[in-house]
Each structure stands twice: as structure tokens, then as C-alpha cells.
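Step one of this worksheet: look at the structure below.
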Amino acid sequence: RFCVRDGAPLQPAVAASAPRATGGRPQAAPPTHPIASQATTHALRATEAFAHGRYHQAIQQGQAALTQGATGADLLLTLARSYEHVGRTLEAAEAYERAAQAHADPAMWLAAARSWRTLGRLVEAQLALTHARQLTPDDAEVSYQLGVVNLDLGQLAQAEGDLRDALRLAPHSAPTLVALGRLDEARGQYGAASATLREATEADPASGEARC
């Protein structure tokens, strides 16, 4: 009979065997990949640094991991968030896009669009949001954000379509109603704008002074 002490492995330990000889010669050890190992180490250090709020260190380690050939979406997302925390918005936008391309994640496209919009680069934001909507066509937030960007670009017909889609997916959304009120104002339809903004205030009293 065999007993297992608390905390001991259920399977008996297997002793490591020496490499078998072939024709009287010792078998060669399997090749190692020091560069891949270094990339993994740097990526893990970047994640750890980010978790502890050391964003500059996370960037340094993340960039080193990329240089060593790491390409994972998690690493790119860590870099993007670190860039965002230190105010390097352009690099954040680019890293979010690379992460979104690697992982096909609409949330990463949304984050990229937010960064592009912060930079005032609305065409890039529009493109990122278009990618996000292709992945999640029934996401109210994506349609809303795309509508707002198109409104800022002066593409009023496209903006209205996007915002109507957002309102259909999330009825009585105050931010969407505020954006539709702006759209009415842009068209000179001030009566309709006032009515839409009143509806937004009824849906959320805090939206009365809101501007998207």
C-alpha cells in the first residue's frame, strides 16, 4: 500500500534519466532559445511593473520584449496602457491598434479611437471605430462613439445613422440624445434640438449641461 502525505504529489516522483547513448556517444542536449527566453522575461517584467504602477519601467521592459521578438496582444495592451498613464498618447493609440489587430478585440479598437480623438485625429478614430463595429455590429457604445466622431467630422448623414443605431440598441441613452441634439443644431433645426435635449435631461438630469 502507498500513502500520500498532506501536500505531497499524488504521483510518485520520477527520477530524471541520463541521456541515452547512441553508438557509444552521449546524446546532445536539445537546443535552447535564449532570445525567446529573454523576450518572455522582459514581457513578464513589464506586466509586473505595470501592476505596481511603475509605468516607465513597464514601457522599458515592454519595448525590450518587442525588440527580442515578442508579439503577444497582452504585451501590446500593457504597453498601450502604460503609454496612456504617462501621457504618451500617440504611442498609446498605435499600441492599442497593434493589440487590436493581434487579438481582434473591439474594446482595444475603442481604446485606440479614444486616444486618436484625444489627439484630434478624427479620421484615425473613425477608422478604428469602423473596425470595432465590424466585430460588434450590435454594440451601442461603438455606434455612439462613431456617430460622435462623424458629427465632429461634419458627416451629418452618417452621424445620424450611427446615432439612431445607438439609440435603438440603448433606448433613452442620454449621451446619444445629447449628440442627436447637437446634430439638429448643426442642421439649424433648433426646435428639434431643444426637444431632443429636453428628452436627454429627462433620461438623465445630469445631462442637461452635457456636451459630447
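The values are calculated or read from the model by the stated rules, or taken from the named source; none is laboratory data. As the structure is a prediction and not an experimental result, all values here were calculated from the model. Neighbour counts are summed over all protein chains in view; Cβ atoms, including those assigned to glycine, are modelled from backbone coordinates with ideal geometry. Side chains are part of the model used for accessible areas, which takes the heavy atoms of the whole protein and leaves out ligands, DNA and RNA. Shrake-Rupley method; radii C 1.70, N 1.55, O 1.52, S 1.80 Å.
Name every residue in segment 100-121 that is under 21 Å from S143 (Cβ atoms) and open to solvent by 70 Å² or more (accessible area, probe 1.4 Å), in order of residue number. Result: R114, R117, T118, R121. Filtered by the rule that a residue be outside any helix (DSSP H, G or I) and within 19 Å of A73 (Cβ to Cβ), segment 89-126 gives A104, D105. Just to be sure I understand the filter: pairs with C-beta atoms under 7 Å, separated by 6 or more residues or on different chains, first member in segment 169-180 and over 10 Å from E199 (Cα atoms), second member charged (D, E, K, R). Which pairs pass? Here the result reads L169/D138, each pair linking segment 169-180 to a residue that is charged (D, E, K, R). Considering only residues that are among the β-branched types (V, I, T) and surrounded by fewer than 16 Cβ atoms within 10 Å (Cβ to Cβ), look in segment 58-99 and name the one that is farthest from L110 (Cα to Cα). Filtering segment 58-99 for residues that are among the β-branched types (V, I, T) and surrounded by fewer than 16 Cβ atoms within 10 Å (Cβ to Cβ), the one farthest from L110 (Cα to Cα) comes out as T67.
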